[in-house]
Amino acid sequence: DTMKKSLNNQFQKLGVEILDVLITNVHLPGDIAVRMQDKTTYQSKNMLQQKKQAYELLVLNNTQETQRLLQEKEQERMSEKEKFKKILAEGTRAHEQTKAETKKQIAELQERQRA
């Protein structure tokens, strides 16, 4: 805005009014350009390092969560396996008991038939 006023003051005598100013190219002294470039480079490197750390933390958290879930599911699987073994053992015991009772009843019937 200040630049536009300054230019209008200079060109008003010629009947020219400046409505807008657009700077398309700037040449800075070498030391200023280097300092600005260094600052921009530092900021970019710093941001890259922060993103890298955030990524590594995310990978670590995901790995830990995956391991936790694997361990949890393994424990659930083992628990179900133990439940199945117990049910199977109870079923086998009941089956063997029924077989024994049946043999006993058959033997008693055969004994009665002989008597």
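Points worth noting:
- The HN-Hα couplings worked out from phi for segment 33-48 by the Karplus form 6.51 cos²θ - 1.76 cosθ + 1.60 (θ = phi - 60°) are 4, 5, 4, 5, 5, 4, 5, 5, 4, 4, 4, 5, 5, 5, 5, 4 Hz, whole numbers, x standing for Gly and Pro.
- Spread of Cα-to-Cα distances over 5 Å intervals beginning at zero, given as percent, for the chain: 2, 8, 5, 6, 5, 6, 6, 5, 6, 4, 4, 4, 4, 4, 3, 3, 3, 3, 3, 2, 2, 2, 2, 2, 2, 1, 1, 1, 0, 0
- Leading residue at positive end of dipole, segment 63-115 (Cβ point charges), from Thr66, Gln105, Ala94: Gln105
- Alpha-carbon spread of segment 27-93, three principal axes, descending order, Å: 95, 12, 6
- Annotation: lysines with alpha-carbon distance below 21 angstrom to Lys52 (same-chain offsets under eight excluded): Lys39.
- For segment 1-96, the solvent-accessible area of protein heavy atoms averages 96 Å² per residue (probe radius 1.4 Å; ligands and nucleic acids excluded).
- Sulfur and carbon atoms: percent of accessible area, the chain [1.4 Å]: 56 percent
- Take Asp38: with every protein chain present and a 1.4 Å probe, its accessible area is about 90 Å².
- The stretch between Arg112 and Ile87, if pulled fully straight at 0.36 nm per residue, gains 5.3 nm over its current Cα-Cα span.
- Summing Cβ point charges (Lys, Arg +1; Asp, Glu -1) relative to the Cα centre of the chain gives a dipole of roughly 440 debye.
The values are calculated or read from the model by the stated rules, or taken from the named source; none is laboratory data. From a predicted model like this one, the values you see are computed outputs, not experimental measurements. Methodologically, a virtual Cβ is constructed for each residue, glycine included, from the backbone with ideal geometry; neighbour enumeration extends over all protein chains shown. Note: areas computed on protein heavy atoms with side chains; ligands, DNA, RNA excluded. Shrake-Rupley method; radii C 1.70, N 1.55, O 1.52, S 1.80 Å.
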